[in-house]
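Notes follow once the structure below has been shown.
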Amino acid sequence: MTALLREGKGWRVGWDDERENFKALVGGDNWALELTQDEFEALRRLAQQLATIMASLASELMPDEQISCEQETSQIWMEAEGFHHSYSLRFILLNGRGAEGAWPSSTVPEVLNGLTHIDVF
């Protein structure tokens, strides 16, 4: 059995491989959503890609310039919005289930760390 939960102020990320369909959990202060393994893997990948993109834009932007970047798979659309060093993340499921979630910039570094440390695949 592998059941993991990582959480902090304003975020949580969990995994339970004994669950049949919805093995992952992501959430914020006022919302939570169960995800399939494929959805969770896509969310992790997109979040990491957006973090890399935002960091790589540091030399291209003025100090007070904000930006919005989007990534999408067949399952999830995700957006990073804000400064290259401080941005929010928002996602929408695209596979028929109506679901959306977001983390404010104050929680994104911890969310990214939590997503990285749920290694269950």
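Throughout, read-outs are computed from the coordinates displayed, never taken from laboratory work. Every value quoted in this text rests on a predicted model; they were computed, and no experiment measured them. Cβ sites come from the backbone with ideal geometry, for glycine too, and all protein chains shown count toward neighbours.
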- [ ] State whether one or more residues within region 72-82 are in contact (Cβ under 8 Å) with a residue 24 or more places away in the chain and aromatic (F, W, Y).
- [x] no
TODO: Within region 58-71, identify whether any single residue is out of contact with any Pro (no Cβ under 8 Å at 6 or more places or on another chain), of a type in the set (A, V, I, L, M) and within 17 Å of I92 (Cβ to Cβ), and answer yes or no.
DONE: no
Open item on the list: Given (1) out of contact with any helix residue (DSSP H, G or I) (no Cβ under 7 Å at 6 or more places or on another chain); (2) farther than 18 Å from K9 by Cβ, identify the lone condition not met by F91.
Closed with: (1)
Task: Filter result (part of a strand (DSSP E or B) and either in contact with a Cys (Cβ under 8 Å, 6 or more places away or on another chain) or basic (K, R) (or both)) within region 82-121 - done: R90
Open item on the list: Which count do you get for residues in region 95-119 that are crowded, with 17+ Cβ neighbours inside 10 Å and within 10 Å of the chain's Cα centre (by Cα)?
Closed with: 7
TODO: Looking only at region 61-81, count how many residues are in a strand (DSSP E or B) and farther than 14 Å from A47 by Cβ.
DONE: 2
